[in-house]
Amino acid sequence: MKNSNIKISTLVLLGLLPAMLMAQQPKIAYLRAYDKSGINVFEDSKNDTAIFTGLKVRFGAGFTQQFQNLKHENSGALKNNIGSFAGGVSTPGNQLKVITAGFQTAQANLNMDVQLADGIRLNVTSYLSTKHHNETWVKGGYIQFDKLPFKGEIWSNIMKVTTIKVGHFEVDYGDEHYRRSDGGQALYNPFMEGNVMDEFATEIGGEVYVKKNGLFGMFGLTNGMIKGNIDSLYAAGNPDGDLHKSPTILLKAGFDKKLADNIRVRVTGSYYGNQSSGGNTLFGGDRSGSNYQFVMEQNAANPSSTTGAGTPLAFSGRFNPGFSKKINAFMLNGFLKASGFELFGTLETSSGRNAKETSTRNANQYAVEGIYRFGATENLFLGLKYNGVKAALLNNAGGTGAGPIVYTDDVTINRFAAAGGWFLTKNVLLKAEYVNQQYNNFPSADYRSTGKFYGYVVEAVVGF
């Protein structure tokens, strides 16, 4: 009887623990909320009324659980499934993985925010469980200064309009990365995924923002790689002979203001450029993985494998142009909120190459999404999104000594998504999406030739 009471008490305590943590969370200044109130928040505001009373530590988390029922096909691709083995790995050819309806692996993020001093905070975010990595990974950590510990009116006046961020963090290129799903933190996104060309990178460096009267500008400088690297590029292998490493330059400017009580307008322009990187990952730096699992992926010897077969299975449904050595990317974003209606658009052009190429290729993307939020607290929403990509495709399978082959015709990818959701509380969201994505103009030797996937995904999300 005593053991039963202990078990019951333990279960009750575990059930109440999240609510207890949320009830006792301290107020951290200049912090985007991890719950519903963080939706449509972009750069951190300078209008924060939190009063510093001493060092404070806040723990938050994001959890997702998904059910997927997607189908895929590539009837126009050559079915050259050889089935031979080399080193214990089968040659997959162009046959797609066999997928069925089922639950995806749950994802979880852990957020730690520390108020170190008045206007100075620290953030460390960790991925506890994701599709890309099944072990714990630290996403990054940084210190943000909205005030400086220097005496003098000049410093106070400067920091009234200035924010400084230093560390290993998610770089601020474009506005889409503020809306995309990031592992367990999927509450800001009304859809399952971000863009087909997913712009997300964590790099080491700093960003400086100046904001006043709805106008803002940002300058950033980073190492241009997903992690620290002091190796020579010769050791990493650079066939182009360019062994120097260049920093990434980030620029952003925009206007974000309420024009009336129920009308908000935001327009931004962004630039990301690196002229000689040791391994740039702007379009492939996500360490959590796609929320469309195994769609449009090549078959493998082990159907449940998350590796191999010549294609990165963690990023299903996305397109990476492969600009790992040199990249220049520009993005224009527009956002309008009028009462419960939201309109968000993306126009992006980029060019670059990898270390094997002698000339650059282009990749362009556009996206538009419309969201209607309704209910007493806008706790219900419906949304539509269309996303298109047009890019020069690189084929690295040129054969020994042949080098990479660039196809002369651009490939296109088009995604249509319709979604709906319900916030049961500001911390709990249930959403569902129907998606149809098509691949056009891919060569018949490519497994994505005439490819498409379609179906629905349901997701439960918790954020606090």
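The values are calculated or read from the model by the stated rules, or taken from the named source; none is laboratory data. Just so we're clear, the structure is a prediction, and the values are computed from it rather than from any experiment. Every residue, glycine among them, receives a Cβ derived from its backbone with ideal geometry; neighbour counts consider all protein chains shown.
Of all the residues that make up segment 353-374, how many are farther than 22 Å from Tyr271 by Cβ and part of a strand (DSSP E or B)?
Within segment 353-374, residues that are farther than 22 Å from Tyr271 by Cβ and part of a strand (DSSP E or B) number 6.
For every residue, the table says whether it meets (1) at pLDDT below 95; (2) in a loop (DSSP other than H, G, I, E, B); (3) crowded, with 16+ Cβ neighbours inside 10 Å.
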| site | (1), (2), (3) |
| --- | --- |
| Lys252 | no, no, yes |
| Ser277 | yes, yes, yes |
| Thr281 | yes, yes, yes |
| Thr306 | yes, yes, yes |
| Gly310 | yes, yes, no |
| Ile327 | no, no, yes |
| Leu336 | no, no, yes |
| Gly345 | no, no, yes |
| Ser351 | no, no, yes |
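So which residues in segment 170-202 are in contact (Cβ under 8 Å) with a residue 60 or more places away in the chain and in a strand (DSSP E or B), if there are any at all?
Of the residues in segment 170-202, the ones in contact (Cβ under 8 Å) with a residue 60 or more places away in the chain are 171-176, 178-179, 181-188, 190-193, 195-202.
Scanning segment 170-202 gives Asp182, Gln185, Thr202.
Go through segment 214-231 and count every residue that is buried (at least 20 other Cβ atoms within 10 Å of the Cβ), of a type in the set (Val, Ile, Thr) and not in a strand (DSSP E or B).
Residues flagged as buried (at least 20 other Cβ atoms within 10 Å of the Cβ), of a type in the set (Val, Ile, Thr) and not in a strand (DSSP E or B) within segment 214-231 amount to 1.
Let me spell it out: the conditions are (1) farther than 22 Å from Asp286 by Cβ; (2) touching a helix residue (DSSP H, G or I) at 6+ places or on another chain (Cβ under 9 Å); (3) in contact (Cβ under 8 Å) with a residue 12 or more places away in the chain, and Asn229 meets all of them except one. Which number is the exception?
Result: Asn229 passes all but (1).
Could you list, ordered by first residue, the pairs with Cβ atoms under 6 Å in which the first is in segment 142-158 and in contact (Cβ under 8 Å) with a residue 24 or more places away in the chain and among the aromatic types (Phe, Trp, Tyr) and the second is outside any helix (DSSP H, G or I) and surrounded by 11 or more Cβ atoms within 10 Å (Cβ to Cβ), at least 6 apart or interchain?
Tyr142/Asn123; Tyr142/Lys165; Tyr142/Gly167; Tyr142/Phe169; Phe145/Ile120; Phe145/Ile164
Please verify whether Thr53 is at pLDDT below 95, among the hydroxyl-bearing types (Ser, Thr, Tyr) and surrounded by 13 or more Cβ atoms within 10 Å (Cβ to Cβ), treating the condition exactly as stated.
Values: at pLDDT below 95: yes; among the hydroxyl-bearing types (Ser, Thr, Tyr): yes; surrounded by 13 or more Cβ atoms within 10 Å (Cβ to Cβ): no.
So Thr53 does not fit the description; no.
Give segment 185-213 a look and list any residue that's surrounded by 14 or more Cβ atoms within 10 Å (Cβ to Cβ) and either more than 18 Å from the chain's Cα centre (by Cα) or polar (S, T, N, Q) (or both), or say none.
Taking segment 185-213 as the starting set, the residues that turn out to be surrounded by 14 or more Cβ atoms within 10 Å (Cβ to Cβ) are 185-211.
Within segment 185-213, Gln185, Asn189, Asn195, Thr202, Gly205, Gly206, Glu207, Val208, Tyr209, Val210, Lys211 meet the criteria.
Residues to consider are Ser156, Ser181; find the one that is among the small types (Gly, Ala, Ser) and at pLDDT below 95. Steps first, please.
Details: Ser181 fails: at pLDDT below 95.
Residue meeting the stated conditions: Ser156.
Would you tally the residues in segment 376-392 being part of a loop (DSSP other than H, G, I, E, B) and in contact (Cβ under 8 Å) with a residue 24 or more places away in the chain?
Residues flagged as part of a loop (DSSP other than H, G, I, E, B) and in contact (Cβ under 8 Å) with a residue 24 or more places away in the chain within segment 376-392 amount to 3.
Is at least one residue of segment 206-216 under 25 Å from Ile327 (Cβ atoms), among the hydrophobic types (A, V, I, L, M, F, W, C) and touching a helix residue (DSSP H, G or I) at 6+ places or on another chain (Cβ under 7 Å)? Walk me through how you get there before you give the answer.
Taking segment 206-216 first, the residues under 25 Å from Ile327 (Cβ atoms) are 206-209, 216.
Add one more test, that the residue is among the hydrophobic types (A, V, I, L, M, F, W, C), and what stays is 208, 216.
From what is left, the residues that are touching a helix residue (DSSP H, G or I) at 6+ places or on another chain (Cβ under 7 Å) are none.
Checked against the condition, which is being under 25 Å from Ile327 (Cβ atoms), among the hydrophobic types (A, V, I, L, M, F, W, C) and touching a helix residue (DSSP H, G or I) at 6+ places or on another chain (Cβ under 7 Å), segment 206-216 yields no hits at all.
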